[in-house]
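Just below is one structure, and these are the notes that go with it.
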Amino acid sequence: MGVTSSKYKPLYTSTDPLIIVTGGRGSGKSHAVSECDCRTTLQKGNKTLYTRYTLSSAHISIIPEYRQKLKILGIESYCDITKDAIINKLTGSSVLFKGIKTSSGNQTANLKSVKDPNRWILDEAEEMPSYELFQKIKRSIRKKGAFNQTILVLNPCHYAHWIPQTF
């Protein structure tokens, strides 16, 4: 498995279409999910939609963190890295970094138009305001012939929030 704590082993072994990773600040959850996703770029045909509800500039927040994992795993040189995407040149697998909320509202139509993602990571999922919005995007994770999975990464939230109420 590598440098991630063994408590995150289910990220690598689960066949569930939905995984919820929760823990406090500094628990390693975002690190573990990013590292696991970096490894999926080594397999052909994977496309991850990596989102946060509020994300103004991936190139100064998520991508440097993700790039650090690529470097740790020794695969950064295999990747083309832009301000909002990482593409593994050997396999064609990719990771697209997007924000859901924009200054003009939610961009779910734009996210739903991403072609053939088979994995969706929603980092800081507790910021997602509703199950309905979550479902709009989740229905787009349906690549034919691929294992489709959604991963919610969140800090513990109040039991009245839609995530613990729903799952």
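The values are calculated or read from the model by the stated rules, or taken from the named source; none is laboratory data. Everything numeric here is computed off the predicted structure, so don't read it as measured data. No Cβ is skipped: glycine too gets one built from the backbone with ideal geometry, and neighbour counts run over all protein chains shown. Keep in mind that these areas ignore ligands, DNA and RNA; they rest on the heavy atoms of the full protein, side chains included. Shrake-Rupley method; radii C 1.70, N 1.55, O 1.52, S 1.80 Å.
Could you give me the residue pairs with C-beta distances under 8 Å whose first residue belongs to region 57-75 and is more than 14 Å from ASN88 (Cβ to Cβ), whose second residue is modelled with pLDDT under 80 and assigned to a helix (DSSP H, G or I) wherever it lies, and which are 6+ apart or on separate chains?
Matching pairs, first to second residue: none at all.
Taking TYR53 as the residue in question, decide whether it is among the hydroxyl-bearing types (Ser, Thr, Tyr), at pLDDT below 90, assigned to a strand (DSSP E or B) and in contact with a strand residue (DSSP E or B) (Cβ under 7 Å, 6 or more places away or on another chain).
Yes; evaluated as a whole, the condition is true for this residue.
Select from region 135-164 the residues that are assigned to a helix (DSSP H, G or I), under 24 Å from CYS38 (Cβ atoms) and either open to solvent by 70 Å² or more (accessible area, probe 1.4 Å) or among the aromatic types (Phe, Trp, Tyr) (or both) and list them in ascending order.
Matches in region 135-164: none.
Which ones in region 1-50 are hydroxyl-bearing (Ser, Thr, Tyr), farther than 29 Å from LYS144 by Cβ and either under 11 Å from the mean Cα position of the chain (by Cα) or open to solvent by 30 Å² or more (accessible area, probe 1.4 Å) (or both)?
Answer for region 1-50, where residues must be hydroxyl-bearing (Ser, Thr, Tyr), farther than 29 Å from LYS144 by Cβ and either under 11 Å from the mean Cα position of the chain (by Cα) or open to solvent by 30 Å² or more (accessible area, probe 1.4 Å) (or both): SER5, SER6, THR22, SER27, SER30.
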